[in-house]
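> Let me begin by handing over the structure; questions about it come next.
The values are calculated or read from the model by the stated rules, or taken from the named source; none is laboratory data. Computed from a predicted model, the values in this text were never measured in an experiment. Cβ sites come from the backbone with ideal geometry, for glycine too, and all protein chains shown count toward neighbours.
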Amino acid sequence: MTKKQKRLILLNIPYVLIGLFATNLGEAWRISQTIDAVNEVGALAQAFPIALQNFLPSLHTFDLMVGIAFGIGMKVVVYVRGKNAKKYRHGAEYGTARWSA
């Protein structure tokens, strides 16, 4: 395994872990639909403890799709924030204004 491959794997581990945790959120959503479809927010609140009893990721297709979506979503958010952070550097001058935090 090359350095490039190791770096790619190490940088993506947090997103995989977020995705695996998010499978439990998908499971909570499925359980809440069976509890009470009319009052979804209350049913989802009841379903969270049930879904989080088992810390292992759920392997149901819907749950895996939710996990993949969360993992990719987090990767996109971090990428976009990183790109915007390069535009404005702390202490640098932009025209007549000074950018500071």
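Let's see how each residue does on (1) at pLDDT 90 or above; (2) over 20 Å from the mean Cα position of the chain (by Cα); (3) surrounded by 15 or more Cβ atoms within 10 Å (Cβ to Cβ):
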site	(1), (2), (3)
Ile13	yes, no, no
Arg30	no, no, yes
Asn39	no, yes, no
Pro57	no, no, yes
Met65	yes, no, no
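> Name the residue that is modelled with the highest pLDDT, counting only residues in the range 41-55 that are farther than 23 Å from Gly71 by Cα and touching an Asp or Glu at 6+ places or on another chain (Cβ under 9 Å).
First pass over the range 41-55, keeping only residues farther than 23 Å from Gly71 by Cα: 41-43, 46.
Adding the requirement that they be touching an Asp or Glu at 6+ places or on another chain (Cβ under 9 Å) leaves 42-43, 46.
On the way: Gly42: 79, Ala43: 82, Gln46: 85.
Filtering first and then ranking leaves Gln46.
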